[in-house]
Every structure is written in structure tokens, then in C-alpha cells.
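Reviewing the structure listed below.
The values are calculated or read from the model by the stated rules, or taken from the named source; none is laboratory data. All figures in this text were calculated on a predicted structure; none of them were measured in a lab. All Cβ positions, glycine included, derive from the backbone under ideal geometry; neighbour counts span all protein chains shown. To get the accessible areas, we keep the full protein, side chains included, count just its heavy atoms, and leave off ligands, DNA and RNA. Shrake-Rupley method; radii C 1.70, N 1.55, O 1.52, S 1.80 Å.
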Amino acid sequence: MKAILSDNLNLLSKLSPGRVINAFRILLSYYFSRYSGRVKHLGNPFSISIEPTTSCNLRCPECPSGLRQFSRNTGKISLELYRDIIDQLHKDLVYLILYFQGEPYLHPLFFQMTEYARKRKIYTMTSTNAHFLTDNLARKTVESGPDKIIISLDGLDQETYEHYRVGGSLKKVIEGTKNLVRWKKALRSRRPFIVLQFIVFSTNERQVPHVKKLARDLGVDKLDLKTAQVYNYEEGNPLIPQNESFSRYKKWKDGRFRINNPLNNHCLRMWRGCVITWDGLVVPCCFDKDATHRLGDLKKDKFKDIWRGKAYDDFRRKLFSARKEIDICRNCTEK
């Protein structure tokens with residue numbers, strides 16, 4: 001509880017009068033647009049995701065990066081492009097997710113990126129499979145890394161873990177987590193806030209009660225039980241848990257599965273932020289993993305011109321009339 005309070009205070013410390021005003025403008029214009037049906041956007045992103053790299057050491061079966069099946073280009077972001085994005089947005093930006101697809105620690109300049117965001121007083125979060133949290137890199141993470149780090153651990157034995165995290169080592173994840181917790185204590189640091197994430201599948205749902213004990217034993221700050229996103233779920237998928245409280249899909253009387261979300265014609269995500277791929281493409285959100293809805297290219301245009309451009313307004317407008325027709329929305333949890 002103390003760690004959660006400290007993390008919340010850390011996030012609040014990133015606020016400035018200008019950032020608070022910007023957040024208010026975002027909410028005001030969103031609700032005006034939602035209830036008037038007229039697309040209006042005031043303000044700049046409150047939160048964005050930037051993709052360090054598409055590279056990954058694992059081969060998770062429901063991940064384009066793991067499957068090596070991207071329809072877009074793969075690579076890693078240049079430090080020059082990353083800094084230019086931060087420079088354009090930092091005055092209003094509060095929350096940076098330094099992750100989209102791929103394993104962030106595979107980017108050789110990952111710590112330079114987190115340090116740059118910290119200098120701009122931006123709350124920075126990342127997600128990792130923890131295979132690279134060696135003693136040395138765990139210390140560097142605490143010294144110069146993100147405010148929050150999510151560690152993915154989806155099984156309590158090697159067989160269960162590797163069923164989804166194909167090619168991974170549960171032992172390395174446990175060791176990496178211990179390294180991070182130890183260095184955070186040794187350096188008497190409040191950061192990063194360490195979250196152990198357990199994505200619940202049919203293969204590991206029986207282990208949920210036991211992962212709670214593991215989280216306590218490891219000394220992480222929080223355990224997050226997350227529902228799994230799977231593709232081709234309508235006819236069922238062997239990864240969908242039996243316990244519907246752990247699933248974002250519900251089985252109906254006709255035997256087909258539907259996402260447990262009414263998909264109403266609105267979405268705050270389109271007002272508060274976006275995702276930027278490693279090569280500068282601006283896409284609506286994290287559900288557009290292949291960047292099929294390309295709203296702009298930061299190698300060619302300034303962010304403000306993309307954010308208020310025709311392509312973005314057309315996409316926002318469609319959300320208010322036919323969200324269910326947008327392919328990336330059909331697997332979305334945003335209500």
C-alpha cells in the first residue's frame with residue numbers, strides 16, 4: 001500500500017499547471033464531441049506509447065512480434081527521432097509508455113531514452129519479459145530507468161510458462177525480478193514501481209491463487225492479473241480461460257464467443273493519446289499492432305499537424321457512428 005501511494009505521488013509530481021489545463025481541455029472537447037456528434041479536439045496528448053523496437057527474444061503465439069509476422073517494417077527507433085517526438089510533446093505530456101511491440105531492453109539505447117524522458121519530468125513506464133534484467137542492467141534500471149516496470153510472468157513452472165512464452169526461461173524471469181527488487185532496496189529508490197503481470201490463460205488459470213504468494217515472496221509492489229487478448233476468438237480459442245472472470249470473451253448460447261464489451265460509439269483513447277511506431281508512424285492505439293490505420297508519419301510532418309489533421313478527425317468521427325466496423329476495435333476493452 002505504501003508503494004502504491006508513493007507511485008501515485010510520483011505521478012502527481014509530474015503535473016504542472018500547463019499539463020493540468022491541457023488534460024482539462026482534452027476531457028472537455030471529448031465530452032463535447034461525444035454528446036454533440038461534432039468532432040472537436042482541444043489540447044495535446046496526455047499519454048503516448050513509443051515503440052523502441054519490434055525485436056523480441058521470445059515467440060509468443062498471439063503476438064505479431066513473437067510470430068515474426070508483421071505486415072509493417074521492423075526495426076528500432078533512432079535516438080534522434082525519439083528525442084524529436086519528446087521535444088514536440090513534453091510540455092503537455094504526462095505519461096509515456098516506452099513499449100508497444102517487441103522487447104524494449106533489446107534496444108541498445110533504452111536507458112538513454114528513459115533518461116531523456118525523466119529530464120523532461122515525464123512519468124515513464126515500460127514492459128519487459130525480464131530475460132535481460134541481469135545484475136548490472138537491473139542496477140542501471142533503478143539508477144536511470146523508468147518510473148514503472150511491468151514484468152510478464154505467465155506460469156509458475158517451466159512447462160506452463162513456456163506454453164505461451166515460447167523460448168522463454170521462467171528461471172531467468174524470477175532471477176531478473178529478484179535483481180530488480182534487490183537493487184531498488186540497495187539504492188533506497190522509490191522507482192521503479194515494480195508490477196508482476198500474470199496474463200491468465202486456460203493453461204495457467206489454476207495457478208492464480210499461487211501467483212499471489214509468489215508476488216509477496218518476490219517483494220514486488222503489485223500483482224496484476226490481466227485478461228488475454230487472442231485472435232480468432234469467435235469460434236473459441238484454446239487459450240481462453242474457463243473462468244469468465246479471467247476472460248475478456250464470453251461464450252453465448254449459440255456456442256460462439258464475443259468480446260465482453262458493448263463497443264459503444266465512443267472512445268476516450270482517441271483524445272488522450274496515441275501510439276508511435278519505431279519508424280515514426282502515428283496509429284490510433286495499441287490494438288493496431290500492424291499499423292494498418294496510419295494517421296501520419298513523423299518523418300514527414302510535425303505531430304500537431306497529424307493530431308489535428310483530416311485523417312485523425314475522420315477516424316474519430318467514425319468512432320461515433322460505427323465503432324464495431326473498425327477492425328482494431330473489435331478486440332478492444334475500452335468501454
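Please work out the average accessible area per residue across the range 93-244, using the 1.4 Å probe convention, and give it in Å².
That works out to 44 Å² per residue.
Which whole-number percentage describes the relative contact order of the chain, with Cα contacts under 8 Å and a sequence gap of 6 or more?
About 18 percent, as a whole number.
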> Label points 7 Å out from Cα along the Cβ direction at ARG317 and ARG38: separation in nm?
Replying inline: 1.4
> Between the range 111-162 and the range 1-37, how many Å separate their Cα centres?
Replying inline: 24
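Assign one of three labels to the range 34-133, namely rounded, prolate or oblate, based on the Cα gyration tensor with a ≥ b ≥ c the square roots of its eigenvalues; rounded applies when a/c is under 1.5, prolate when it is not and a/b is larger than b/c, and oblate otherwise.
Values: a/c = 2.22, a/b = 1.36, b/c = 1.63.
Cα axes put the range 34-133 in the oblate bin.
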> Points 7 angstrom from Cα along the Cβ direction at SER189 and LYS253: gap in nanometres?
Replying inline: 5.6
> Just in the range 192-279: which GluC sites (Glu not before Pro) are loop by DSSP and have at most 16 other Cβ atoms within 10 Å?
Replying inline: GLU234, GLU235
>> Only Cα pairs within less than 10 Å get springs; with that Gaussian network setup on the chain, which residue of THR203, THR177, THR53 has the largest fluctuation?
In response: THR203
> Can you give the % of DSSP beta bridges in the chain that are antiparallel, to the nearest 5?
Replying inline: 25
> Of the residues ALA215, ALA186, ALA138, which exhibits the maximal mean-square fluctuation in a Gaussian network model of the chain defined by a 10 Å Cα contact cut-off?
Replying inline: ALA186
>> Please list, by residue number, everything in the range 13-39 whose backbone N is under 19 Å from a paramagnetic label point 7 Å out along Cα→Cβ of GLU334.
In response: 22-39
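What dipole magnitude, in Debye to the nearest 20, does the chain give about its Cα centre under +1 on Lys/Arg Cβ and -1 on Asp/Glu Cβ?
I would put it at about 1120 debye.
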> To the nearest Å, what is the center-to-center distance of the range 200-242 and the range 49-84, using C-alpha atoms only?
Replying inline: 24
> Mind listing the phi-derived Karplus ³J(HN,Hα) values for the range 254-265, rounded to whole Hz, using 6.51, -1.76 and 1.60 with θ = phi - 60°, and x for any glycine or proline?
Replying inline: 7, x, 8, 9, 10, 5, 7, 7, x, 6, 5, 7
> How much net charge surrounds LEU170 when only the other residues with a Cβ under 12 Å from the Cβ of LEU170 are counted, with Lys and Arg +1 and Asp and Glu -1?
Replying inline: -2
> Check ASP224: other-chain or 5+ apart residues with amide H under 5 Å from its amide H, H built from backbone geometry?
Replying inline: LEU196, GLN197, PHE198
>> Just to make sure I understand: if all protein chains stay in place, what is the order of ARG248, ARG59, ARG216 by accessible area at 1.4 Å, largest first?
In response: ARG216, ARG59, ARG248
> Between GLY255, GLY280, LEU268, whose Cα lies farthest towards the positive end of the dipole of the range 190-291 when Lys and Arg beta carbons carry +1 and Asp and Glu beta carbons carry -1, centred on the Cα centre?
Replying inline: LEU268
>> Once you order the gyration tensor axes a ≥ b ≥ c over the Cα atoms, which shape class does the range 1-57 get: rounded for a/c under 1.5, otherwise prolate or oblate by comparing a/b with b/c?
In response: oblate
> Using a Förster distance of 35 Å, how high is the FRET efficiency between ASP305 and ASP217, based on the Cβ-Cβ distance and rounded to 0.05?
Replying inline: 0.10
> So what does CYS286 come to for accessible area, using a 1.4 Å probe and Å² rounded to 10?
Replying inline: 60
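Only bridges whose two residues both fall in the range 27-149 count here: according to DSSP, what percent of them are antiparallel, nearest 5?
Given both bridge residues lie in the range 27-149, the antiparallel proportion sits at roughly 10 percent.
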> Most fluctuating residue of ALA130, ALA228, ALA322 in a GNM of the chain with Cα springs under 10 Å: which is it?
Replying inline: ALA322
> Roughly how many Å² of SER321 are accessible to a 1.4 Å probe, to the nearest 10?
Replying inline: 80
>> Place a point 7 Å from the Cα of ARG294 along the Cα-to-Cβ direction; which residues of the range 49-80 have their backbone N under 17 Å from it?
In response: 51, 54, 70-78
> So which of LYS40/LYS302; LYS253/LYS318; LYS119/LYS178; LYS184/LYS212 end up more than 24 Å apart by C-alpha?
Replying inline: LYS253/LYS318; LYS119/LYS178
> Just going by the charge dipole of the chain, with Lys and Arg at +1 and Asp and Glu at -1 on Cβ, which of HIS90, SER55, SER144 is farthest out on the positive end?
Replying inline: HIS90
> Tell me, what % of the accessible area of the range 69-207 is carbon and sulfur with a 1.4 angstrom probe?
Replying inline: 47
>> I want to check the label-to-label distance for GLU235 and VAL166. Put each point 7 Å from Cα in the C-beta direction and report it in nm to one decimal.
In response: 1.9
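What percent do you get for the relative contact order of the range 119-197 when only Cα pairs under 8 Å and 6+ apart count?
40
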> Classify the chain: rounded, prolate or oblate, from the alpha-carbon gyration tensor (a ≥ b ≥ c, eigenvalue square roots; a/c under 1.5 rounded; otherwise prolate if a/b is larger than b/c)?
Replying inline: oblate
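Test of understanding: what is the full-extension gain from ILE4 to ASP157, defined as 0.36 nm times their sequence separation minus their Cα-Cα distance? If you can, show how the numbers build up before the last one.
Values: separation 153, 0.36 × 153 = 55.08 nm, distance 2.83 nm.
Full-extension gain reported as 52.3 nm.
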